[in-house]
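Everything on this sheet refers to the single structure shown next.
Each reported figure results from applying straightforward, stated rules to the coordinates on display, with no laboratory input. A quick note: this is a predicted structure, and the numbers were derived from the prediction, not measured. Positions of Cβ are generated from backbone atoms using ideal geometry, with glycine treated the same way; all protein chains shown enter the neighbour counts.
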Amino acid sequence: MSPVRLTHATSLILQALASGRRHGFQIMEVTGLASGTVYPVLRRLEKEDLVGSEWEDEEGARRAGRRRRRIYQLSGSGQALAEEARRRLAQTQRVLADEALGQVGMSGSGEA
């Protein structure tokens, strides 16, 4: 197996799954990523056994008046990677916040 690159999109998708988002539309909604990004990443994660999936019950979908959805779930190793993704995203947020504070401090210095 090849290691999965922990890209920004992959990190967001792992976090969505870790927080209980289970099907593609939910993942797209919470991450803001397009289907052309979400589904290829899910397929790669599934191929690497980081994510498992199965189709939901057909009868339940019919009662809800919609098509069946594929439900995704993190494996044990997927949960570990999701934790790494969470740490990296938190680090990115800290760096961006520090930069924003630095810029605010510089622009508010009163210099002409």
Q.
7 Å from Cα along Cα→Cβ at both ARG68 and GLU48: what's the point-to-point distance in nm?
A. 2.8 nm
Q: Using only alpha carbon pairs under 8 Å that are at least six residues apart, calculate the relative contact order of the chain and give it in whole percent.
A: 28 percent
Q: Just check region 1-58 against the gyration tensor rule for me: Cα atoms, a ≥ b ≥ c as the square roots of the eigenvalues, rounded for a/c under 1.5, and otherwise prolate or oblate depending on whether a/b exceeds b/c.
A: oblate
Q. If you plug each phi of region 49-57 into the Karplus form 6.51 cos²θ - 1.76 cosθ + 1.60 with θ = phi - 60°, what whole-Hz ³J(HN,Hα) values come out, in order, with x for Gly and Pro?
A. 6, 8, 9, x, 8, 7, 6, 6, 4
Q) Within region 34-91, which trypsin sites (Lys or Arg not before Pro) sit in a loop by DSSP and count at most 11 neighbouring Cβ atoms inside 10 Å? A) ARG66, ARG67
**Q.** Net charge, ARG67 excluded, C-beta distance under 14 Å - Lys, Arg +1, Asp, Glu -1
**A.** +2
**Q.** Nitroxide proxy distance, nm - points 7 Å out along Cα→Cβ at ALA97 and ARG5
**A.** 2.9 nm
Q | Amide H contacts of ARG69 (H built 1.01 Å from N, under 5 Å, at least 5 apart or other chain) | A | GLU56
Q | Estimated [θ] at 222 nm from DSSP helical runs (n ≥ 4, -39500 (n - 2.57)) normalised by residues in the chain, nearest 500 | A | -20000 deg cm²/dmol
